[in-house]
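The structure appears below as structure tokens.
The values are calculated or read from the model by the stated rules, or taken from the named source; none is laboratory data. The shown structure was predicted, so the numbers you read here are calculated from the model rather than taken from an experiment. Ideal geometry is used to build each Cβ from the backbone, glycine not excepted, and the neighbour counts take in all protein chains shown. What goes into the accessible areas is simple: the full protein's heavy atoms, side chains included, and nothing from ligands, DNA or RNA. Shrake-Rupley method; radii C 1.70, N 1.55, O 1.52, S 1.80 Å.
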Amino acid sequence: MRVEIADLEVVRAGRTVLALERLVIGSGRVTVVLGPNGAGKTTLLRAVAGLERCRGSVTFDGRPVRPRLAVAFQRPVFLRGTVRANLALALELAGISPADREARIAEAAGVLGITALLERPASRLSAGEAQRANLARALALRAPVTLLDEPLAGIDGPARRELLGALPAAFRAGGGTVIAVTHDPAEAALLADDLVVLLDGRVHAAGPAAEILSAPPDAETASFLGWDTIPGEGGVWAIAPGALRVGRGEVAFSLAVERATVVGGSPVVLGRIAGVPCLARLGEAPPPAPGETVSVSAPRSAVRWFPGSR
Amino acid sequence: MRLRTPAPLVAVLALALLSACGSGGSSRTIIVATTTSIQDSGLLDVLLPAFETQTGIRAKAIAVGSGAAIAMAARGDADAVFVHDPKAEAQAVAAGDLVDGVLVMTNDFLIVGPPDDPAQVRAARDAADAFRRIAVAGVPFVSRGDNSGTHAKELTLWTAVGVDPSTLSGRLESGQGMGATLTIASERRAYTLTDRATYTVLRATLALEPLFQGDAELVNPYHAYVVNPERHRGVRADLARAFVRFLVSPEAQRAIAAFGLERYGEPLFVPADPRAREEPGR
Amino acid sequence: MTLWDGVVDAFRLLGRGDPYLLDVVRRTVLVSGAATVLALVGGVPLGYLLARTRWPGRALILAAVHTGMGLPPVIVGLVFYLLLARSGPLGRLELLYTPQAMVAAQVAIAAPLVVSFAAAAFQSLPDELGDLLHVLGAGRMRRLWLLAREARLGLLAAVMAGFGAIVSEVGAALTVGGNLDGSTRVLTTAIVLEASRGEYARAIAFGTVLLLLVLGTNLILTAAQQRGR
């Protein structure tokens with residue numbers, strides 16, 4: 001189901017916390033809304049869910065009628081009773097027949113790895129377990145639109161890596177539209193088909209994730225996505241994360257070396273370009289001494305120039 | 001999870017509870033505004049059931065002071081009154097609020113006080129003299145202060161002595177019924193004016209003795225009236241008349257004469273009908 | 001000693017099933033029970049609205065509720081008396097000096113307590129819970145019921161506070177009920193009457209029974225509270 005947001009504005013205590021002219025969430029795709037804390041991501045999600053007092057319109061397949069939604073808030077909340085009872089209640093409210101409920105619960109619990117927890121009172125789950133039960137409830141609904149707020153918050157280690165792969169697949173299999181919110185660009189990169197970058201209540205970028213990640217449309221987006229942004233004459237250079245290497249190449253900068261170290265198994269040099277802290281891979285070259293200035297470069301495809309920014 | 005919505009259940013429960021409380025004002029019911037002295041003595045517990053048995057009319061007796069009872073009548077909030085404040089009664093009759101008055105019974109007021117009688121009230125010539133002695137001695141005196149018949153009588157007596165009661169340092173107002181006022185007087189070793197019935201009923205719990213009684217000035221008449229239906233719509237005058245008639249019927253008069261004899265060794269009220277006095281009992 | 005005699009008397013009367021006492025107790029439970037139930041029916045949803053939603057006039061209602069908690073029952077009784085008296089605007093209903101009038105006045109006394117306790121109970125739930133049920137498509141009544149189950153500890157406290165306040169109040173019961181034997185005499189008004197008649201032991205006996213009644217109710221509700229944890 002296609003979700004269209006137009007002229008949305010949320011004002012809280014006299015401050016505009018969210019202002020969107022137009023945003024289209026593609027049908028059947030996983031769209032990740034990415035932004036730092038306080039950017040208005042949760043507010044956007046709540047506005048789509050109809051929980052936020054706001055101006056503007058949110059339409060679903062062109063109509064203002066809200067379809068059945070599945071939602072997983074950042075704070076997992078449950079009613080009294082077991083995990084199974086909580087999932088069953090959500091399905092019951094969605095009008096799923098009792099016969100289908102069991103199958104859906106079993107399937108969602110399998111994906112989230114909580115089959116063994118189903119009979120446990122929801123009040124006695126650890127933070128990570130609760131979050132997985134929270135996601136299982138949203139998944140089991142197979143709603144036309146699913147809203148996930150920081151879906152992987154509180155889940156770490158191997159489970160997180162596993163879920164990063166399994167979650168999008170599971171939701172895609174349901175065929176519904178997924179809008180997820182996260183502050184973590186790496187998580188967004190792994191989950192998203194489409195990406196919406198939300199900074200300070202405004203959309204800075206929206207489109208296929210691969211395009212935005214490889215070619216951020218503005219300096220702020222680039223910076224938030226982890227690109228090094230270096231002020232230049234009348235604009236800003238942005239260099240993709242990990243693209244800088246010591247030595248000559250297509251686009252060259254000079255790096256004031258601070259120290260050499262090893263990151264992710266490869267030797268790197270830490271230093272500053274025009275005062276901005278940067279990191280360049282060393283490759284085969286001998287490590288330069290601190291205080292030395294070396295030439296570093298990146299391929300043209302990994303460098304963007306934003307004129308007029310600063 | 002049990003998921004029934006409880007609203008209908010709750011509504012049914014509430015209705016059941018309400019109906020179990022009994023029916024509301026039926027048409028065979030009257031409200032009688034009366035005085036605490038009549039209720040506290042227990043006389044109503046004898047008279048009202050007998051009235052209901054005889055006539056099928058339910059009398060709801062609301063015990064307040066005589067002043068409040070007459071005020072209820074003046075608003076049309078009662079059907080009959082049964083009180084003991086001749087002065088206020090006369091005003092209400094003159095104003096047209098009360099009609100068909102009858103004398104039901106009398107008893108008398110007593111001046112009671114601590115047994116050692118510091119004001120020498122025992123030696124008083126008459127009621128006014130007793131009050132004068134209390135005023136002169138400056139001893140504590142507890143007034144009802146509640147516009148009751150007893151309160152009115154007390155004020156009349158102060159006026160007769162020529163004393164402004166508000167200037168008396170020993171006098172305090174309880175603002176409560178006769179029973180509570182007697183208890184306060186007993187605890188504070190004070191004098192007070194009481195009707196005989198309430199005093200007799202409470203005597204065992206009090207450190208108070210009757211110090212002056214028997215003056216004609218201290219007669220305490222109880223009258224019953226019908227609230228004027230021409231002035232107050234909604235008054236059930238026929239039923240109220242039946243109640244007033246019942247109070248002066250031989251049966252009720254004999255019951256009044258007998259009331260208290262067994263328990264206290266003396267009657268608490270004197271019925272208006274002299275024949276009943278000679279032949280008490282029901 | 002009168003005090004001790006009264007306590008002993010209470011158990012003696014209870015033990016032999018004194019019909020007068022049982023009648024008064026039964027009526028006390030019915031009147032205050034009905035008033036509590038009605039106060040809950042209106043008070044819990046209002047508490048829910050106060051806790052969960054923002055609307056114009058909410059602050060006013062909250063202030064009124066908190067003021068109502070401190071209102072002396074005798075004032076409530078007087079207002080109902082003036083409304084229900086024959087000369088009053090609702091005199092036609094002929095409700096004065098009936099158990100129904102007592103229930104009405106007691107509802108007015110208990111409601112602010114119930115609303116306030118209910119609002120606090122709902123406020124203690126995470127906001128997301130109500131939002132979740134809303135998004136999942138639960139209707140208003142369903143949401144209220146499900147959240148009430150979550151807030152049951154606080155709501156049982158509301159029941160105890162409401163029932164406890166009205167079962168032991170005398171001002172309104174006396175003014176509006178008139179303390180009529182067999183019709184509107186409840187434990188508190190019976191105590192007042194016995195005391196004014198100088199029957200102190202009996203008054204204490206009735207007071208003891210009232211205490212036992214409140215104690216019993218609270219024991220049952222607390223047991224329910226703990227079981228539901």
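List of remarks:
- Heavy-atom accessible area, 1.4 Å probe, ligands and nucleic acids excluded: residues of segment A:76-108 down by at least 30 Å² from chain alone: A:VAL77, A:LEU79, A:ARG80, A:LEU89, A:GLU92, A:LEU93
- Neighbour net charge for C:LEU40 - beta-carbon separation under 15 angstrom, K R +1, D E -1: +2
- Per residue, the average separation of C-alpha pairs within less than 8 Å and at least 6 apart gives segment B:108-218 a relative contact order of 45 percent.
- The contact between chain B and chain A removes approximately 300 Å² from the accessible area (both sides summed; 1.4 Å probe; ligands, DNA and RNA excluded).
- log10 of Debye I(q)/I(0), alpha-carbon scatterers only, for chain C at 0.14 Å⁻¹: -0.92
- Of the trypsin sites (Lys or Arg not before Pro) in segment A:192-288, those whose Cβ has at most 10 other Cβ within 10 Å and which sit in DSSP loop: A:ARG248
- Counting only alpha carbon atoms, the long axis of helix C:19-52 and the longest principal axis of chain C meet at about 20°.
- Rounded accessible area of C:HIS66 (nearest 10 Å², 1.4 Å probe): 100
- With only the Cα atoms considered, segment B:108-218 has a convex hull volume of 85 Å³ per residue.
- Helix A:98-112 axis, angle to chain A major axis (alpha carbon atoms, nearest 10°): 20
- Hydrodynamic radius of segment A:228-307 per Kirkwood, over alpha carbon pairs, in Å: 12.5
- Relative contact order for chain A: 18 percent, from Cα pairs under 8 Å spaced at least 6 residues apart, divided by residue count.
- Hz values of 3J(HN,Hα) by residue in segment C:196-208 - Karplus curve (6.51, -1.76, 1.60), Gly and Pro given as x: 6, 8, x, 8, 5, 4, 5, 4, 5, 4, 5, x, 4
- For the residues A:PRO64, A:PRO217, A:PRO231, a GNM of chain A with alpha-carbon springs under 10 Å puts the largest fluctuation on A:PRO64.
- Listing of segment C:167-211 residues, each with accessible area lower by at least 10 Å² in the full protein assembly than in the chain alone (probe 1.4 Å): C:GLY178, C:ASN179, C:LEU180, C:ASP181, C:SER183, C:ARG185, C:LEU193, C:SER196, C:ARG197, C:GLY198, C:GLU199, C:TYR200
- Overall shape: prolate for segment C:1-99, with the ratio a/c of the largest to smallest alpha carbon gyration tensor axis at 1.5 or above and a/b above b/c.
- For segment A:114-126, 3J(HN,Hα) computed residue by residue from phi via the Karplus equation (6.51, -1.76, 1.60; θ = phi - 60°) reads 10, 3, 6, 9, 4, 8, 7, x, 4, 6, 10, 9, 6 Hz, glycine and proline entered as x.
- Taking every C-alpha pair closer than 8 Å and separated by at least 6 residues, the mean separation divided by the residue count of segment A:131-213 gives a relative contact order of 26 percent.
- Taking amide H positions as modeled 1.01 Å from N, with prolines and chain starts lacking one, the residues under 5 Å from A:ALA180 and 5 or more places away or on another chain are A:THR31, A:VAL32, A:VAL33, A:LEU148.
- Residue-averaged beta-carbon neighbours from other chains (10 angstrom radius) around B:76-83: 2
- Prolate is the label for segment A:177-310, because the ratio a/c of its alpha-carbon gyration tensor axes (a ≥ b ≥ c) is 1.5 or higher and a/b is greater than b/c.
- Take the accessible area of chain B alone and of chain C alone, subtract that of the pair, and you get about 3300 Å² summed over both chains, using a 1.4 Å probe.
- Where segment A:228-307 is the region considered: accessible area per residue in Å², 1.4 Å probe: 54
- Residues whose amide H lies under 5 Å from that of B:GLU209, counting only those 5 or more places away or on a different chain, are B:GLY113; hydrogens are built 1.01 Å from N in the peptide plane.
- For segment C:102-207, alpha-carbon Rg over 2.2 N^0.38 Å: 1.52
- From phi via Karplus (6.51, -1.76, 1.60), per-residue ³J(HN,Hα) for segment A:159-174 in Hz, x at Gly/Pro: 4, 5, 4, 5, 5, 4, x, 6, 4, x, 4, 4, 5, 4, 4, x
- Cβ-derived FRET efficiency at R0 60 Å, C:THR67 paired with B:ALA216, nearest 0.05: 0.65
- In segment C:13-30, burial by the other protein chains removes 20 Å² or more of accessible area from C:LEU30, compared with the chain on its own (1.4 Å probe, ligands and nucleic acids ignored).
- Accessible area of segment A:167-310 belonging to carbon and sulfur atoms, whole % at 1.4 Å probe: 54
- Dimensionless Rg over Rh [segment A:163-243; C-alpha; Kirkwood]: 1.03
- Note on B:ARG203 and C:ALA224: the model spin-label points, each 7 Å out from Cα along the C-beta direction, lie 5.2 nm apart.
- Cα principal axis extents for chain A, largest first, Å: 70, 43, 34
- Rg in Å to one decimal, and Dmax rounded to a whole Å, for segment A:1-149 via C-alpha atoms: 16.6, 50
- Cα pair distances of the protein assembly as shown binned at 20 Å [whole percent]: 13, 30, 21, 16, 13, 6, 1
- Restricting segment B:122-154 to trypsin sites (Lys or Arg not before Pro) that sit in a DSSP loop and have at most 11 other Cβ atoms within 10 Å of their own Cβ leaves B:ARG125.
- Here the convex hull built on the C-alpha positions of segment C:154-229 has a volume of 87 cubic angstrom per residue.
- Entry comment: accessible area of segment B:108-218 is 39 Å² per residue, from protein heavy atoms only and a probe of 1.4 Å.
- Rounded to 10°, Cα long-axis angle of helix B:127-137 versus longest principal axis of chain B: 70
- Interface area, C with A, accessible, probe 1.4 Å, both sides summed, Å² nearest 100: 1800
- Selection of GluC sites (Glu not before Pro), segment B:181-254, meeting DSSP coil and at most 12 other Cβ within 10 Å: B:GLU230
- With bins 5 Å wide beginning at 0, the percent of Cα pairs of chain B falling in each bin runs 1, 6, 12, 15, 16, 14, 11, 9, 6, 4, 3, 2, 1, 1, 0, 0, 0, 0.
- Taking amide H as placed 1.01 Å from N in the peptide plane, the amide H of B:TYR222 sits under 5 Å from that of B:VAL104, B:MET105, B:THR106, B:ASN107, each at least 5 places away or on another chain.
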